[in-house]
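Enquirer: Mind having a look at this structure? Questions to follow.
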Amino acid sequence: MSLLEVRNLGRVFGGLSALADVSFDVARGQIKAVIGPNGAGKTTLFNLIGGAIRPDSGEVRFDGLPLHRLAPHGIAARGISRTFQNIKLFHGMSVLDTVMVGRYTRGRAGIIASMLRLPAARREAQVDRRKAIEMLDLLEVAPLAPLEATRLAFGQQRAVELARALASEPTLLLLDEPAAGLNIHETANLARLILRIRETGVTILLVEHDMSLVMSISDEIVVLSSGRRIAEGRPREIQTDPEVIRVYLGDDHA
């Protein structure tokens with residue numbers, strides 16, 4: 001059984017079909033990419049998987065269980081975490097505190113215990129701090145822990161956002177255009193970090209426009225166009241698929 005199953009997913013906005021009958025699987029331990037031109041439905045797909053919007057048709061199943069009735073925080077607690085194309089960090093908060101925010105789905109002590117600094121809450125905070133430092137170390141930005149997150153260089157902010165997403169200990173990580181705004185050297189480093197994340201046992205589904213990144217790290221690729229899946233396969237198969245070439249380069253090249 002696949003870790004993530006997308007089945008006949010559809011969503012309509014104002015009479016326009018953003019997604020129509022999209023199906024694919026993501027195997028446990030896989031890096032799978034979703035690509036397509038602007039307006040293909042990639043962000044809508046991620047928002048459906050993450051629970052930000054509900055499907056009009058079809059369903060998403062995670063580890064065999066349906067997700068469509070869960071709120072985003074319930075989906076996060078189930079084991080799915082995500083990043084965003086536009087980095088969303090908190091002003092005035094340190095890197096370490098920012099990453100610790102990602103531990104909220106693991107919290108069990110409760111508000112009262114936290115306010116009163118009861119032993120259970122203190123123990124939980126210690127665990128959260130240790131896990132956050134582990135994630136920063138994994139992404140090679142642990143020395144930045146005491147600095148204000150929003151004052152870092154863009155590439156470092158992206159690493160902090162990744163660390164925050166990993167702090168919840170997800171089974172599946174959704175990466176929404178992680179290379180957006182990065183230069184060629186930062187993108188190469190990002191590719192290395194994504195492979196390192198996969199080595200920890202995290203399955204990865206990413207939306208990305210940078211084809212060099214997609215082709216270098218993906219096990220499989222799904223191609224969307226006008227809300228429909230037009231191709232799926234390994235990188236080499238996608239590179240030579242006539243329909244994919246037509247969508248990206250036009251009929252003459254196909």
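Enquirer: Identify, from the list R158, R228, the residue that is of a type in the set (D, E, K, R) and within 18 Å of the chain's Cα centre (by Cα).
Expert: R158
Enquirer: Show me the strands (runs of 3 or more DSSP E) entirely contained within the stretch 170-254 in which 1 or more residues are surrounded by fewer than 16 Cβ atoms within 10 Å (Cβ to Cβ).
Expert: The strands (runs of 3 or more DSSP E) meeting that bar are 228-233.
Enquirer: Which of the residues that make up the stretch 136-167 are of a type outside the set (A, V, I, L, M) and in contact (Cβ under 8 Å) with a residue 40 or more places away in the chain?
Expert: E140, P146, E148, T150, F154, Q157, R158, E161, R164
Enquirer: Just to be sure I understand, how many residues within the stretch 227-254 are among the acidic types (D, E) and at pLDDT 95 or above?
Expert: Looking only at that region, the number is 2.
Enquirer: Now, a different point. Here are the criteria: (1) more than 21 Å from R28 (Cα to Cα); (2) in a helix (DSSP H, G or I); (3) touching a Gly at 6+ places or on another chain (Cβ under 8 Å). Tell me which single one A163 does not satisfy.
Expert: Here A163 meets the rest and fails (1).
Enquirer: Residues V60, V95: which one is in contact with a helix residue (DSSP H, G or I) (Cβ under 6 Å, 6 or more places away or on another chain) and outside the structural domain of G29 (by TED's automatic domain parsing)?
Expert: V95
Enquirer: Right, something else. Out of all the residues in the stretch 51-65, is one or more under 30 Å from S212 (Cβ atoms), at pLDDT below 95 and either surrounded by fewer than 19 Cβ atoms within 10 Å (Cβ to Cβ) or over 14 Å from the mean Cα position of the chain (by Cα) (or both)?
Expert: Among the residues of the stretch 51-65, at least one is under 30 Å from S212 (Cβ atoms), at pLDDT below 95 and either surrounded by fewer than 19 Cβ atoms within 10 Å (Cβ to Cβ) or over 14 Å from the mean Cα position of the chain (by Cα) (or both), which makes the answer yes.
So that you can scan it fast, the table gives a plain yes or no per residue for (1) in contact with a Lys or Arg (Cβ under 9 Å, 6 or more places away or on another chain); (2) modelled with pLDDT of 80 or more; (3) over 29 Å from L182 (Cα atoms):
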{"site": "R108", "(1), (2), (3)": "no, no, yes"}
{"site": "L116", "(1), (2), (3)": "no, no, yes"}
{"site": "A120", "(1), (2), (3)": "yes, no, yes"}
{"site": "A132", "(1), (2), (3)": "yes, yes, no"}
{"site": "R158", "(1), (2), (3)": "no, yes, no"}
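Enquirer: Can I ask one more? Consider only pairs whose beta carbons are under 6 Å apart and that are at least six residues apart or on different chains; among these, list those whose first residue lies in the stretch 168-192 and is at positive phi and of a type outside the set (A, V, I, L, M) and whose second residue is assigned to a strand (DSSP E or B) and buried (at least 20 other Cβ atoms within 10 Å of the Cβ).
Expert: E177/V207
Enquirer: For D137, only one of the following conditions fails: (1) among the acidic types (D, E); (2) outside any helix (DSSP H, G or I); (3) at pLDDT 95 or above. What is its number?
Expert: Condition (2) is where D137 drops out.
Enquirer: Taking R61 and the conditions (1) outside any strand (DSSP E or B); (2) touching a strand residue (DSSP E or B) at 6+ places or on another chain (Cβ under 8 Å); (3) of a type in the set (K, R), which numbered condition does it fall short on, given that it satisfies the others?
Expert: Only one criterion is unmet by R61, namely (1).
The values are calculated or read from the model by the stated rules, or taken from the named source; none is laboratory data. Since the structure is predicted, the reported quantities are computational estimates derived from the model, not experimental observations. Methodologically, a virtual Cβ is constructed for each residue, glycine included, from the backbone with ideal geometry; neighbour enumeration extends over all protein chains shown.
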